[in-house]
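Below: one structure, written as structure tokens.
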Amino acid sequence: MPSDPLILAFDTSAAHCAAALLCGDKILIERLEEMSRGQAERLMPLLEEMLESANVTWSDLSAIGVGVGPGNFTGIRIAVSAARGLALGLEIPAVGINGFEARQFDGELAVIPAPRDQVYAAPADQAPRLMAASEAAELARGAGLTYAPVASPPQLAARIAQLTAERYTTSTDAPAPLYLRAADAAPGRDTPPALIDA
């Protein structure tokens, strides 16, 4: 068992399965697999492979870190559900890290690509929101920041792991999805059947 805290972090909020294993302040393994679907089937085998490669077990983990969005609704639910289940089963903390924090780099506006030429953005001193890509680019220019929306940045899972390491001893809230837009799917418009008392 490692003497330093061992953090397993993952994210499936976009067209990827990203994961990292952090021991102390060193990233042991990091993986980013691009995929438009299949994250639910791939996530747990990927995590198992990483633990085996690092010669550690689930019981060695100190905490779980997970990307909570914003992004793809189904992808976010996959990762958050996995993190909460693992934390419960292993009796360790799970920490939710939002995509803006995981993409916060000096000199850049934290943005995440969204459908229909939009982005999720977190301008300084404003609540994160969905906006047109052109509006976000203008905000970045006005603030003297770089505008570079990337759905699957290479160090995404490592950054989630590092932030988790800073917070897991004091975090008390279970990870919860961060949704900034309505779901694409809508409830059916058919009139529900009448219920008959027997």
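The values are calculated or read from the model by the stated rules, or taken from the named source; none is laboratory data. Because the structure is a prediction, the values reported are computed rather than measured. Virtual Cβ from ideal backbone geometry, glycine too; neighbours counted across all protein chains shown. With ligands, DNA and RNA removed, areas are computed over all heavy atoms of the protein, side chains included. Shrake-Rupley method; radii C 1.70, N 1.55, O 1.52, S 1.80 Å.
Descriptive notes on the structure:
- Hits in segment 32-44 - residues which are modelled with pLDDT of 95 or more and more than 17 Å from Ala82 (Cα to Cα): Leu32, Glu33, Glu34, Met35
- Within segment 116-131, the set of residues being free of Cβ contacts under 8 Å to residues at least 24 places away in the same chain, open to solvent by less than 50 Å² (accessible area, probe 1.4 Å) and not small (Gly, Ala, Ser) comprises Pro123, Met131.
- Boolean, Gly69 is surrounded by fewer than 21 Cβ atoms within 10 Å (Cβ to Cβ) and either under 21 Å from Arg167 (Cβ atoms) or of a type in the set (A, V, I, L, M, F, W, C) (or both): no
- Hits in segment 132-144 (condition: open to solvent by 70 Å² or more (accessible area, probe 1.4 Å) and assigned to a loop (DSSP other than H, G, I, E, B)): none
- Here the condition is being touching a strand residue (DSSP E or B) at 6+ places or on another chain (Cβ under 9 Å) and in contact (Cβ under 8 Å) with a residue 40 or more places away in the chain; of Ser13, Ser53, it holds for Ser13 alone.
- Only residues that are over 26 Å from Ala140 (Cα atoms) and charged (D, E, K, R) were counted across segment 92-106, and they come to 0.
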